Every structure is written in structure tokens, then in C-alpha cells.
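Below is one structure, written out as C-alpha cells, with a few remarks after it.
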Amino acid sequence: KSYVGALLKECPDGVWRKGFGDWCAPNNGTWKGYFNDVELVNSAIFCKIVGETAELAERVAENTDAKWFRAAAELAREAFHRTFYHPESATYGDGSQTTAVLPLAFGLVPADCRQNVAESLIRRIRQVDGKKLDTGIYGTRYIGEVLCDLGEVDLLLEMYTQPDYPGFGYMKSCGATTLWEQWRFKGGMNSHNHAMFAGGASWLYSHLAGIRPDRPGYASILVQPVFPKKLNFLNARRRTPHGDVTVDWKRVGSEINLRVVAPNEVPTRLKLPDGRVLDVKGCIQVRI
């Protein structure tokens, strides 16, 4: 409460004008080049922080705190959209991947604009960026989840595996066995074993394997995997406070054999692409 209150005092209009932004997006290798979309990215994160504090206050704090933080969160959201949105192009900021990914991921896009923003993002990736990542530390963290939610897992997998700069496939083509500090092989920072882009693996568990908490603390679990056309099998395990959840699937001809194992005492639902929702009572095997 004290921390977010201090942030609100320093940023009364909801726009943050300093910070790192989407650090280490593809750039020209200069120190200045590492800073990307500073105001938009930090303002989006500010909205997320205040919004989550409001949600927490609604659950555990006094009603006056909850109302105050919720009002602050709404003001921050309105300021973000008003400051950065361009209705003629359905883009935010300079229109780069991250400037769409974060508003979509954080729920900052009004419902009547969401479809157009999503289409602008996909068009940008395909027509401008050549199906390559153009994201720094924050955009890389959330782009996988956003594209999967938009039904674009095949595009995402293509972006992740293409061998040219910039991207994870480029790192691999250069012989990398660990993640680098930046997309370039050489530059102002040269660590080739760094956590910088490790957030880009989050979607592998939450969306590709589809293992997510349905309630806080995995008190209940949702399993909703996606199945890229060029991927033939998946084996995943995610630890929870109640035990491991595993998801295994394999293509057999035109079908997919899927197996999900979850802790017996935790309510678990399996949601399939055709809309079916099945209860997982310890273990379930399905042919899709």
C-alpha cells in the first residue's frame, strides 16, 4: 500500500516518463538503443501494478482501501488509453509489437478496440517484421501468451524457431546452449548466459501445455493446451503446492492422443479445442 501510494504521488497523471522501457529490444547496439518505448511500457506496468493492488485490496483490506485503489487503477487505465492509442491505425505508441502486446496482456484495451488492436499486431508481425520477434524483456515475456490467446500459436512457433536475427532460433543457429543478454551475438553487453529473455518460456507451460491456476494457489486447476500444426508431441510438468501436473500429447496420424495427470484432491478441468470441458479425476486420456 505504501509503495503504490508513493508511485501514485510521483505519477499523478498515470504516465511514467522515465525508466528502462522494453529493455534490449532489437537495436543498433548503442546504450541509448537499449531503451525502447519507455513511457508506454512503464505506464502499462504502472497500470498493472495499481490494478493488482486494487484486486488484492478487494480481497484482504478494508473497503475504503479497495475503493481508493480501484479508482486509481481506473484513472491509470483511462490515462494510458487516452495518451497512447491511435484510433486511425488501432495501435498504441509507435506500433511496435510490444506496444500492442502489453495492453492486450494487461487488459488495458477497451472491449470495442480489442479486435482491431489484435489485427494490427498480427499485421505488423507478418507484413513489417517478417515473422520475427521485435521485443525486449517485457514484450518477450508476454507475446507468447497473447498470440496463443489470439489463436496464433502457429505464427508464434514460426517466430520462435526461425534462424535469422533477431530471435531464439538465431541464438541456436550461432551455437547457443543458453540464453543471451540481448538478441545480438555481440554488442555493448555480451553475456551469453543470462536470464534476460527467460520470461519468453512462460507460455510453454501456461498455454502450450495449458497448465494454469483456475483459482489462486492452484486451489483448482485449468488445463487448456494448444496444438501447433508443426509440433508432433509435447511432454510437460508443472509443480504446484499440491503436487505435479503433467500434460503429454502426441500426434498419431490425423489425431492427437492427450494424457493429463493432476493431484487427486484438486479440482481440475480439461478444456479442449472443440469446446468440451472434462473433469480430470487424477488422470484422463483423450483422443482428439
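The values are calculated or read from the model by the stated rules, or taken from the named source; none is laboratory data. Computed from a predicted model, the values in this text were never measured in an experiment. Note: ideal-geometry Cβ built from the backbone for every residue, glycine included; neighbour counts use all protein chains shown. When the accessible area is computed, the model is the full protein with side chains, heavy atoms only, and any ligands, DNA or RNA have been set aside. Shrake-Rupley method; radii C 1.70, N 1.55, O 1.52, S 1.80 Å.
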query: Here are D164, D149, D214: which of them is acidic (D, E) and in contact with a Pro (Cβ under 9 Å, 6 or more places away or on another chain)?
result: D214
message: All but one of (1) surrounded by 17 or more Cβ atoms within 10 Å (Cβ to Cβ); (2) under 20 Å from V153 (Cβ atoms); (3) free of Cβ contacts under 8 Å to residues at least 24 places away in the same chain hold for V261; state the number of the condition that does not hold.
response: (2)
task: Could you list, in sequence order, all residues of segment 209-241 that are among the aliphatic types (A, V, I, L, M), under 21 Å from G151 (Cβ atoms) and part of a loop (DSSP other than H, G, I, E, B)?
output: A209, V226, L231
message: Show the residue pairs meeting these rules: Cβ distance below 8 Å; 6+ apart or different chains; first residue within segment 6-21 and closer than 14 Å to K48 by Cα; second residue open to solvent by less than 50 Å² (accessible area, probe 1.4 Å) and among the hydroxyl-bearing types (S, T, Y).
response: G14/S43; V15/S43; W16/S43
- line: Restricting attention to segment 82-110, the residues that are surrounded by fewer than 17 Cβ atoms within 10 Å (Cβ to Cβ), closer than 22 Å to L7 by Cβ and not charged (D, E, K, R) number exactly 2
- request: Within segment 207-256, track down each residue that is of a type in the set (S, T, N, Q), more than 25 Å from M159 (Cβ to Cβ) and open to solvent by 70 Å² or more (accessible area, probe 1.4 Å).
  value: S254
message: Residue under question is A118, and the condition is that it be touching a strand residue (DSSP E or B) at 6+ places or on another chain (Cβ under 9 Å), open to solvent by less than 60 Å² (accessible area, probe 1.4 Å) and closer than 21 Å to A44 by Cβ; does it hold?
response: no
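Quick check on my filter: what residues within segment 166-200 are assigned to a helix (DSSP H, G or I) and either free of Cβ contacts under 8 Å to residues at least 12 places away in the same chain or more than 17 Å from the chain's Cα centre (by Cα) (or both)?
Result: G169, Y170, M171, K172, S173.
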message: Step by step: first the residues of segment 17-59, then only those that are basic (K, R) and in a loop (DSSP other than H, G, I, E, B), then the one that is most open to solvent (accessible area, probe 1.4 Å). Which residue is that?
response: R17
query: Can you tell me which residues in segment 176-206 are in contact with a helix residue (DSSP H, G or I) (Cβ under 7 Å, 6 or more places away or on another chain) and open to solvent by 10 Å² or more (accessible area, probe 1.4 Å)?
result: L179, M196, G199, S202, S206
